[in-house]
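> Before I ask anything, let me first share the structure, which is written out below as structure tokens.
The values are calculated or read from the model by the stated rules, or taken from the named source; none is laboratory data. Everything numeric here is computed off the predicted structure, so don't read it as measured data. In this analysis, Cβ positions are derived from the backbone assuming ideal geometry, glycine residues included, and neighbour counts consider all displayed protein chains.
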Amino acid sequence: MTEGGLEAWTIFLLKSVREGGTLTVIHRADRLADLLSLLGPKAGSFQVRPIHPFADAPAKRVLVRALKTGKAPLQLLPPVILHDRESGKHTAHADALLRGEAALDWV
């Protein structure tokens, strides 16, 4: 994190995007509340997609998408599961994302 922390970073992001523009951030799941509260005064229409290392493990990261001046209610989207616990390999979906053969859907 740069000097000034998450607050400085969100101020920079909000200044860099015009009204109605989209912000997409990947961040630590344990900082989701902080991220939403810092973006909330000038952005909205949040979409949150958890990123889980395994299906049975808590999310370590989240993808957060928002519209500057958006007003729609927050949406919690289906998670991305990165690895299969038994094989230790990427899931088929994660592998396709990493290879550029699939895209994340933002409803």
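> Just to verify a result, which residue in the stretch 71-91, among those that are surrounded by 12 or more Cβ atoms within 10 Å (Cβ to Cβ) and hydrophobic (A, V, I, L, M, F, W, C), is nearest to Pro41 (Cα to Cα)?
Leu74
Listed here are the residues, each with its yes/no results for (1) under 23 Å from His93 (Cβ atoms); (2) out of contact with any Lys or Arg (no Cβ under 8 Å at 6 or more places or on another chain).
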| residue | (1), (2) |
| --- | --- |
| Ala33 | no, yes |
| Gly44 | no, no |
| Val62 | yes, no |
| Gly70 | no, yes |
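> Name, by its number, the condition in (1) more than 13 Å from Trp106 (Cβ to Cβ); (2) surrounded by 15 or more Cβ atoms within 10 Å (Cβ to Cβ) that does not hold for Leu23.
(1)
> Would you say Ile26 is touching a Pro at 6+ places or on another chain (Cβ under 9 Å) and either at pLDDT 95 or above or acidic (Asp, Glu) (or both)?
Against the criterion (touching a Pro at 6+ places or on another chain (Cβ under 9 Å) and either at pLDDT 95 or above or acidic (Asp, Glu) (or both)), Ile26 does not qualify.
> Let me ask something else. Residues in the stretch 1-51 that are of a type in the set (A, V, I, L, M, F, W, C), over 16 Å from Lys68 (Cα atoms) and over 14 Å from the mean Cα position of the chain (by Cα): how many?
Adding up the residues that qualify gives 3.
> Can you confirm whether the stretch 78-87 contains a residue that is assigned to a loop (DSSP other than H, G, I, E, B), closer than 22 Å to Leu104 by Cβ, touching a Pro at 6+ places or on another chain (Cβ under 8 Å) and not polar (S, T, N, Q)?
Yes, the conditions are met somewhere in the stretch 78-87.
> Restricting the stretch 26-42 to residues that are surrounded by 13 or more Cβ atoms within 10 Å (Cβ to Cβ) and hydrophobic (A, V, I, L, M, F, W, C), which is nearest to Leu13 (Cα to Cα)?
Leu39
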